[in-house]
Amino acid sequence: MPPNVVRLAALADIHYAKNSQGQLASLFAQIAESADVLILAGDLTDYGQIDEARVLAKDLATVKIPIVAVLGNHDFESGQEKEISQTLLDVGVHMLDGDAWEHHGIGFAGVRGFCGGFGRGALGPWGEKIIKDFVHEAVQEALKLESALARLKSEHRVVLMHYSPIRATVEGESPEIFPFLGSSRLEEPLTRFDVTAVFHGHAHKGAPEGATQTGIPVFNVAHAVLQATYPDRPPFRLFEVHTGEAQDHTVTSIGDRSRWGRRSSDRADGEQQSRSASPPATSTSNSTST
Ligand SMILES: [Fe+2]
Ligand SMILES: [Fe+2]
């Protein structure tokens, strides 16, 4: 029987470099003690090099809880994204690219996503072929997400992606680069499949929390965002998802006690205690790019 409460830890943009061995080992150990699943939402490496992925794989190999991850744009920088995925698959990481994975009654769907902008400012497929191709990439990522979500039969559907599906969680970045931080095209599948929560990264100076037009909670878990927003906590977010309760369609953030969801519930969450109260012993380098 799956547990009634599943704890999700989420983090993105760890940008592992060749010299990062052990850099987040203590953080990963804290996460493994606190959570049932670790979500990594892209930019796992700094320059998208296989050697960087090997360093990360070595650190992740010691994490004794399931890890589910997507790649980010940095992981594509050197054209070695397939090798990076394989390296992490080899140590048991569930790498999602339009794929679905279920654990303890929670379904996970993951894509990298893409950019193109938000709302009325979103780039449309009109004019030059290169513009159409650019828009097509975001459309394809949205279709991949839709197809992954369609395969999930679980009570809860959790989505991880690297780019943002909404504008709210990139607020804080320079408005000039908003169109390169995500795409509204990624939002439609979230609504259609009544997703429980969304985790992304990429916007290192963005906002930690937002919601889709229909109220689905969206969390920007970029490492730099968490460090800046919660300087007194380890740089990961921790959530509880309640399973086996059809009316409870929420995720509860552990640490700040905030509760996210579109449906009310009479469950008191004030008694929840964070098991990750001490600050991390390590930090990672902050890339100037996203
Ligand atoms: Fe990124
Ligand atoms: Fe990044």
When the charge dipole of region 161-255 is computed with +1 on Lys and Arg Cβ and -1 on Asp and Glu Cβ about the Cα centre, the Cα farthest towards its positive end, among 214, 168, 250, belongs to 168
Summing +1 per Lys or Arg and -1 per Asp or Glu among the other residues with Cβ less than 9 Å from residue 43's Cβ gives -3
Straight-line reach check, residue 205, cutoff 25 Å on alpha carbons, 8 or more apart in-chain or any other chain, hits among lysines -> 18
Cα extents of region 5-261 along the principal axes, largest first, in whole Å, come to 51, 46, 35
Listed by chain and number, the residues whose amide H is under 5 Å from that of residue 250, excluding neighbours fewer than 5 places away on the same chain and using placed H, are 242
Here the net charge surrounding residue 174, from other residues whose Cβ is less than 15 Å away from its Cβ (Lys, Arg +1; Asp, Glu -1), is -1
Listed by chain and number, the lysines with an alpha carbon less than 24 angstrom from that of residue 132, same-chain partners under 8 positions apart left out, are 144
Taking R0 as 30 Å and r as the Cβ-Cβ distance between residue 228 and residue 128, the FRET efficiency 1/(1 + (r/R0)^6), rounded to the nearest 0.05, comes to 0.20
Mean Cβ-within-10 Å packing, highest first, puts peptides 122-130, 205-213 in the order 205-213, 122-130
Once the in-chain neighbours fewer than 8 apart are removed, the aspartates and glutamates whose Cα is under 16 Å from residue 64 read 33, 36, 90
Spelling it out for residue 103: with amide H atoms placed in the peptide plane at 1.01 Å from N, the residues 5 or more places away or on another chain with amide H under 5 Å from its amide H are 108
Note: region 1-89, point scatterers on Cα, Debye, no solvent; log10 I/I(0) at q = 0.11, 0.26 Å⁻¹ equals -0.29, -1.34
So, relative contact order of region 13-144 in percent, Cα under 8 Å, 6 or more apart, is 20
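Report the full-extension gain for the segment residue 147 to residue 214: residue separation times 0.36 nm, less the Cα-Cα distance, to one decimal in nm. The partial results should precede the final answer.
Working: separation 67, 0.36 × 67 = 24.12 nm, distance 2.03 nm.
Length gained between residue 147 and residue 214: 22.1 nm.
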For region 37-86, averaging the sequence separation of alpha carbon pairs under 8 Å that lie six or more residues apart and dividing by its residue count, the contact order in percent is 54
Placing each pseudo-label 7 Å from Cα in the direction of the beta carbon, residue 78 and residue 26 end up separated by a distance in nanometres of 2.8
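State, as an integer percentage, the relative contact order of the chain based on alpha-carbon contacts under 8 Å between residues 6 or more apart.
Numbers: 727 pairs, mean separation 58.5, N = 290.
Across the chain, relative contact order equals 20 percent.
About the Cα centre of the chain, how large is the charge dipole given +1 on each Lys and Arg Cβ and -1 on each Asp and Glu Cβ? Please answer in debye to the nearest 20. Spell out each step's value before the answer.
Working: 26 positive and 37 negative charges, 67 e Å.
Computed charge dipole of the chain: roughly 320 debye.
No value in this document is a laboratory result; all are computed from the given coordinates. This structure is a prediction, so every number in the text was calculated from the model and none was measured. Ideal geometry is used to build each Cβ from the backbone, glycine not excepted, and the neighbour counts take in all protein chains shown.
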